[in-house]
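One structure below.
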Amino acid sequence: MFLAFFEEKGHLRLPSFPLIPKGDASLLLINSGMAPMKTWFSGEAEPPRKRICTCQKCIRTIDIESVGKTSRHGSYFEMLGNFSFGDYFKKESLIWTWEFLTEHLGMDENLLYPSVYLEDDEAFKIWTDEIGIAPERITKLGKEDNFWDHGSGPCGPCSEVYFDRGAEKGCGSSDCAPGCDCDRFVEIWNNVFTQFDNDGKGNYSELSQKNIDTGMGLDRLACVCQGVDSLFETDTVISIVRKVSKLSGIVYGKGTDSDVSIRIITDHIRAATMMICDGVLPSNEGRGYVLRRLLRRAARHGKLLGIDTLFLFDLCDVVISENKTAYPDLTPKSDFIKRVIKTEEENFSKTIDSGTAMLTELIEKLKNTGISVLPGADAFKLYDTYGFPLDLTIDMLAEQGLSVDEDGFREHMEEQRTKARKAREALGDLAWAGIDLGLDNTPTVFTGFDNITDKGEVLAIVSQGELCSSVSAGESCIVVLDRTPFYAEMGGQSPDFGTISSENAVFDVSAVEVSGGDKYLHHGKMRSGTLSVGNSVTSQIDTVRRNAIKRAHTATHLMHEALRRILGDHVNQAGSLVEPDKLRFDFTHFSALTADEIAKIEALVNEAVLSSHLVSVREMPIDEARKLGATALFGEKYGDVVRVVEMGDSVELCGGTHLDHTSMVGAFSILSEFSVASGVRRIEAITGEATLDAFNSARRHLSEISNLLKANTTDEVVSKLQQNLSALKDLRSKLGAQSSRDSADRAKQMLSDAKDIGDLKVLALAITDADLKVDGLRLLQDALREISPSIVSVIALAQGDKVTVTAACGKKAVSCGVKAGDIIREITKIGGGSGGGKPEFAMGGVKDSGKLNEVLAAVEPLVKEKAGG
């Protein structure tokens, strides 16, 4: 209805743009209706028509932790919008807004309340004089609510329309009105009037081309039209909710925790289906990681609902069925979408298994060291590295009488969120590049291929997300110059560091990025003085860092060629990171590299280094470069003229910095090789000074080991070590045998104190051996079971305030219905603890050591009950 209405008003209806932004490095995913049209609004490109309308798919994950916890938040949503690029303005926009809502949607005029910016008399008069809204029904709001402004550049007032859901939804305040934070008045339409230009100093001038940017959330509008309280209850979403309820056997709306999980699964499967349809695939970086996180979060909540099978790939059938009319691409891609989701589900299932194995190891370490609380850092590693849910970690620890430092886990989680938020905010509102900076579209001139220092002028300064005229000592900010020798982070190469200095100021550069308008953004902190816009400055890069990066980057090219020679032509770069004397290289390959293959690759690179090949850098037409067989590097965009880097047999397109000769790489060493994704391997390696440092460190350690083993030469180290390990193995074997004999002797003595209960022998006692460890206690229980199949033994090890309780049941006892796991679960509760295990052996802990006697006294009655008398 919306799109047809605006087509009648002369708008060109465009299909939803793909969720993957085109030519906009500032966004991972399209997050608003106007996001794909930035260049049309900025004037950088010409729109196909002055009037356009869309229903745009959007993904926002900034509030992902709130998704499901409320009925309002969603990572996937659709945004209706009508846009004017220098054509109609306020009058038409507001009249059409009212016409569509009242005449086409049939909304009650008495439930609709417009708002305007308090200084926008023009919009106010249109509402009153042209549309006929009573002045008292129009709310005037301040700049924070009704003025779209993002630093320097185009901006303007807003006029919104609110829907009154009724007093029963409100806060009860007598002054409750549109703009109130309660749930009574819901904003359903926002008209943004882009009519001013902000010079960055709070001065506004009229734009020659005025634009209209409107937004109306389709889900929110559906809630209002359908009279439901939540986007999860709208007609196209409720069917997904019902499907999740059917799969889990849990009725939606009956329980808080289960409702949250159902909403999370519903939202995330909608988002994932749409993302995959638009070409996003699961990975560990960028938008692929967003998709992976959504799918794994949904799968985890499926397990919390008791769904133990793969289900998400089937659930997307419902999503496709509900959306295929609006988005016909879903149907032909349905099999592919399901295959991607199923594969990710299967991989996550394996991830859960890996996490379980790691947690089991951590539990053993805790028991061996006598610690009962898993550190938050370990729990976070399980969550962050393996995607292992904290809830499952807590449950598994509780079964062993242990717990987790949940506060420590949350601290690490918050630290990660803070880092992610700072990374997202690094560019902040600079997504509009030339507009927000108040500059023209002239790119920053990069002079760093030929210069390590250069003169320039400060064009703009951004501090705390705002444009400013100057910054002083101690302030962090972003500095934009007209020309710079600083290499910005791109193509996998780390940025240059260094200083930007004027006559009385020094700015330390700690990061460099390129904005959407090809402006170089120098991030850093003022060391001294005051730096102002218009200052003439000298830029000086850190040459030590630059040279170390060049060593690693040149070595990356040599290694890429070596990989193809040793493994085959199927090897292609899938990602890279070049840092000072350190590199990370992802490549396509089907199996792990053998030690021999790694040695050959390393040898080929070092051979190329010693050959001291000239590193040639030339610019040429891309067709000519292809004839040379040049390999394109991951993540690079190429124009008609490209930069070709040759060294020995390696020929690649590359925009990075390199050495003059390969011999300047120094030594090259591979540190590790492992899998990062299906069909993708990763090599981590070092060069130059890092390799020398590693070599010297290894030599020192080898010398220390030689001294410890009393080896006359380092060549004797291996044989001496083998002799020592063999002797140690013999000693451990003898010690283990003696420990088993000691445990058997002690078990025989204990059996004399066992009490006969029917055909079973019951032993319940506490020991306080200071030197006895959990493993020793387990050996003792094993000995008791071996000696007496009818034994039911409960032994508590009390060492200070820590009480560990173990239970063992012989084969006959188990056959009589007495199980160690059941006993531990029951008796540890008495002392405020918990535990569990297998029928033959189980272990737990007691928090209240003062109740240990009660715990042990409960054993005999429990055995009688379990054994039937």
Ranked output for segments 476-483, 373-380 by mean other Cβ atoms within 10 Å, highest leading, reads 476-483, 373-380
Cα centroid distance between the range 437-498 and the range 98-139, in Å? 46 Å
Spelling it out for Lys519: with amide H atoms placed in the peptide plane at 1.01 Å from N, the residues 5 or more places away or on another chain with amide H under 5 Å from its amide H are Thr444
Can you work out the FRET efficiency for the pair Ser528 and Tyr204, with r the C-beta to C-beta distance and R0 = 30 Å, to the nearest 0.05? 0.30
Carbon plus sulfur, as percent of the 1.4 Å-probe accessible area of the chain, comes to 48 percent
A correct Karplus calculation of ³J(HN,Hα) over the range 89-97, with 6.51 cos²θ - 1.76 cosθ + 1.60, θ = phi - 60°, whole Hz and x for Gly and Pro, returns 9, 4, 4, 4, 4, 6, 4, 5, 4
Could you tell me which of the pairs Lys246/Lys819; Lys169/Lys201; Lys365/Lys851 are separated by over 32 angstrom between their Cα atoms in the structure shown? Lys246/Lys819; Lys169/Lys201
For Glu489 and Asn572 in the same chain, what is the full-extension length gain: residue separation times 0.36 nm, less their Cα-Cα distance, in nm? 27.7 nm
Under the Karplus curve 6.51 cos²θ - 1.76 cosθ + 1.60, θ = phi - 60°, whole-Hz ³J(HN,Hα) for the range 817-833, x wherever Gly or Pro sits: x, 9, 10, 4, x, 5, 4, 4, 4, 6, 6, 5, 4, 4, x, x, x
Report the accessible area of His523, computed with a 1.4 Å probe over the heavy atoms of all protein chains in place, in Å² rounded to the nearest 10. 30 Å²
Cα axis of helix 595-610 to longest principal axis of the chain: angle in degrees, 0 to 90, nearest 10? 50 degrees
Between Ser502 and Asp24, with labels modelled 7 Å along Cα→Cβ, what's the label distance in nm to one decimal, could you check? 3.4 nm
Based on C-alpha coordinates, I'd like the Rg and Dmax of the chain, in Å. 34.2, 102
Amide H neighbours of Trp148 under 5 Å, at least 5 residues apart or on other chains, H built in the peptide plane: list them. Gly156, Cys158
Just to check I understand the Karplus step: with θ = phi - 60° and J = 6.51 cos²θ - 1.76 cosθ + 1.60, what whole-Hz values come out for the range 296-306, glycine and proline as x? 5, 5, 5, 4, 4, 6, x, 5, 5, 7, x
Would you work out the charge dipole size for the chain about its Cα centre, treating the Cβ of every Lys and Arg as +1 and the Cβ of every Asp and Glu as -1, and quote it to the nearest 20 debye? 3180 debye
With every protein chain present, what accessible area does Lys455 have (1.4 Å probe, heavy atoms only), rounded to the nearest 10 Å²? 140 Å²
Once both label points are put 7 Å beyond Cα along the C-beta direction, the Val676-Asp145 separation in nm becomes 4.8 nm
Put a dot 7 Å past each Cα toward the Cβ at Ser174 and Phe449; how far apart are the dots in nm? 7.3 nm
Compute the distance from the alpha-carbon center of the range 794-839 to that of the range 22-75, in whole Å. 58 Å
Just to confirm the filter: which trypsin sites (Lys or Arg not before Pro) across the range 654-724 are DSSP coil and have at most 13 other Cβ within 10 angstrom of their Cβ? Lys710
Principal axis dimensions, largest first and in whole angstrom, of the range 193-280 by Cα: 61, 34, 23
When the chain is fully extended, how far beyond the present Cα-Cα distance does Glu7 get from Arg565, taking 0.36 nm per residue of separation? 195.0 nm
Full extension between Glu364 and Asp769 adds, at 0.36 nm per residue less the Cα distance, a length in nm of 143.8 nm
Placing +1 on each Lys and Arg Cβ and -1 on each Asp and Glu Cβ in the chain, then taking the dipole about the Cα centre, the residue among Pro375, Phe668, Asn110 whose Cα reaches farthest towards the positive end is Pro375
How much FRET efficiency would the formula 1/(1 + (r/R0)^6) give for Lys802 and His104, where r is the Cβ-Cβ distance and R0 is 51 Å, rounded to 0.05? 0.10
Here FRET efficiency (C-beta to C-beta, Cys182 to Lys748, R₀ 51 Å, nearest 0.05) is 0.10
Interchain or sequence-distant (5+) residues whose placed amide H lies within less than 5 Å of the amide H of Val680 are His589
Using Cα atoms only, what is the angle between the long axis of helix 543-567 and the major principal axis of the chain, expressed in degrees (0 to 90) to the nearest 10? 70 degrees
Average accessible surface area per residue within the chain, 1.4 Å rolling probe, Å²: 47 Å²
Which pairs, out of Lys90/Lys140; Lys761/Lys811; Lys734/Lys802, put more than 21 Å between their alpha-carbon atoms? Lys734/Lys802
In the full protein assembly as shown, how much of Glu65 is accessible to a 1.4 Å probe, in Å² to the nearest 10? 50 Å²
CD proxy at 222 nm, helix term only [per DSSP H run n ≥ 4: -39500 (n - 2.57); per residue of the chain; nearest 500]: -12500 deg cm²/dmol
Over 23 Å between Cα atoms, which of Lys367/Lys720; Lys57/Lys324; Lys350/Lys582 qualify? Lys367/Lys720; Lys350/Lys582
Taking a cut-off of 13 Å between Cα atoms, list the aspartates and glutamates near Lys829, but don't count ones fewer than 8 places away on the same chain. Glu399, Asp848, Glu854
Order these peptides, 686-697, 729-740, by their mean beta-carbon neighbour count within 10 angstrom, highest first. 686-697, 729-740
Highest first, please rank the peptides 128-137, 751-760 by the mean number of other Cβ atoms sitting within 10 Å of their residues. 751-760, 128-137
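The values are calculated or read from the model by the stated rules, or taken from the named source; none is laboratory data. Remember, it's a predicted structure, so these values are computed and weren't measured experimentally. Note that we place each Cβ from the backbone using ideal geometry, even for glycine, and neighbour counts take in every protein chain shown. Ligands, DNA and RNA are excluded from the accessible area calculation, which covers all protein heavy atoms including side chains. Shrake-Rupley method; radii C 1.70, N 1.55, O 1.52, S 1.80 Å.
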